[in-house]
Amino acid sequence: MTEQAVLVIPARWASTRFPGKPLAPVAGKPLVQWVWEAAIRCRRMREVVVATDDRRILEA
C-alpha cells in the first residue's frame with residue numbers, strides 16, 4: 001500500500017519580484033492552472049490545494 005499525501009501549491013498575488021505571477025498566461029492558461037493540472041496527475045497525491053491570498057487566483 002502506498003501512502004498518499006496532500007500537496008499545497010502556494011500562489012501568492014503580492015510577490016515582490018513578479019506581482020500576479022500565478023495568473024501570468026502561459027500557452028493560453030494561467031501559470032497556476034498548469035501547476036495544478038500537473039499536480040493532480042500525480043498518483044501519490046490524495047488532494048491538491050492551491051493556497052492563495054487573492055480571489056482572482058481562487059477564481060482562476
Residue 9's amide H: which non-local residues (gap 5+, or another chain) put their own amide H closer than 5 Å, with H modeled 1.01 Å from N in plane and none for Pro or chain starts?
-> 49, 50, 51
For the chain, calculated [θ]222 nm from helices alone, where every DSSP H run of n ≥ 4 adds -39500 (n - 2.57) | -6500 deg cm²/dmol
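Write down the accessible area per residue of the chain in Å², having rolled a 1.4 Å probe over the full set of protein chains.
On the way: 4800 Å² over 60 residues.
The answer is 80 Å² per residue.
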Where the accessible area of the chain is counted over protein heavy atoms with a 1.4 Å probe, how much of it, in %, is carbon and sulfur?
-> 56
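Once you charge only the Cβ atoms, +1 for Lys and Arg and -1 for Asp and Glu, what is the size of the charge dipole of the range 5-59 about its Cα centre, to the nearest 20 debye?
Values: 10 positive and 5 negative charges, 38 e Å.
Result for the range 5-59 is approximately 180 debye, rounded to the nearest 20.
The values are calculated or read from the model by the stated rules, or taken from the named source; none is laboratory data. Model, not experiment: these values are computed from the prediction. Please note: Cβ atoms are built from the backbone with ideal geometry, for glycine as well, and neighbour counts cover all protein chains shown. Ligands, DNA and RNA are stripped out before the accessible areas are found, and what is left, the full protein with its side chains, is counted by its heavy atoms. Shrake-Rupley method; radii C 1.70, N 1.55, O 1.52, S 1.80 Å.
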